[in-house]
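Q: I have a structure here, written as structure tokens, and I will follow up with some questions on it.
The values are calculated or read from the model by the stated rules, or taken from the named source; none is laboratory data. This is a predicted model, so every value here is computed, not measured. Neighbour counts run over all protein chains shown; Cβ positions are idealised from the backbone, glycine included. For accessibility, only protein heavy atoms count, side chains too; no ligands or nucleic acids. Shrake-Rupley method; radii C 1.70, N 1.55, O 1.52, S 1.80 Å.
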Amino acid sequence: MSNFDLAVLQKCAPRSIAKNITQTTVDTLNKLNLDADFAEMYRDNVVGYMNVLKDGKFKIEDYLHAVRYCSYKLMGDTNIKAYTKTFPDKHARWVALGV
């Protein structure tokens, strides 16, 4: 699996948010339990869509979740399946609550 790299992410990010991308962010991304094919696509999409962050309207964490969800959708997953994969803890909590 191709890991995320702090220098690459900061270089690709708009200047206004590059400083907000920390090693902690990178470590979190690299700890995601993703299969190799998806991980490569996800990494490419994170880097490729970074211009979305230039206006400063979105938090990095929200951006990363959105890219993950959209990446699953691009691979053909349904809305529910993509959401479940993106937010497994939230989904499990909702199932336990009967939502």
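Q: Taking the condition in contact with a helix residue (DSSP H, G or I) (Cβ under 7 Å, 6 or more places away or on another chain) and over 19 Å from L6 (Cβ atoms), does V26 pass?
A: Here the answer is no, as V26 does not meet what is asked.
Q: Hey, does the stretch 6-17 have a residue that's free of Cβ contacts under 8 Å to residues at least 40 places away in the same chain, assigned to a loop (DSSP other than H, G, I, E, B), farther than 14 Å from E61 by Cα and open to solvent by 60 Å² or more (accessible area, probe 1.4 Å)?
A: no
Q: Which condition from (1) modelled with pLDDT of 95 or more; (2) surrounded by fewer than 16 Cβ atoms within 10 Å (Cβ to Cβ); (3) of a type in the set (V, I, T) is the one that T84 breaks?
A: Exception for T84: condition (2).
Q: One residue is enough: does the stretch 62-78 have a residue meeting the conditions in contact (Cβ under 8 Å) with a residue 40 or more places away in the chain and either out of contact with any Ser or Thr (no Cβ under 9 Å at 6 or more places or on another chain) or surrounded by 11 or more Cβ atoms within 10 Å (Cβ to Cβ) (or both)?
A: no
Q: Return the residues of the stretch 49-98 that are of a type outside the set (S, T, N, Q), more than 14 Å from the chain's Cα centre (by Cα), closer than 23 Å to D27 by Cα and part of a helix (DSSP H, G or I); say none if nothing qualifies.
A: K54, D89, K90
Q: Can you tell me how many residues in the stretch 20-31 are open to solvent by 30 Å² or more (accessible area, probe 1.4 Å) and either free of Cβ contacts under 8 Å to residues at least 24 places away in the same chain or touching a strand residue (DSSP E or B) at 6+ places or on another chain (Cβ under 8 Å) (or both)?
A: Going through the stretch 20-31 one residue at a time, the tally reaches 6.
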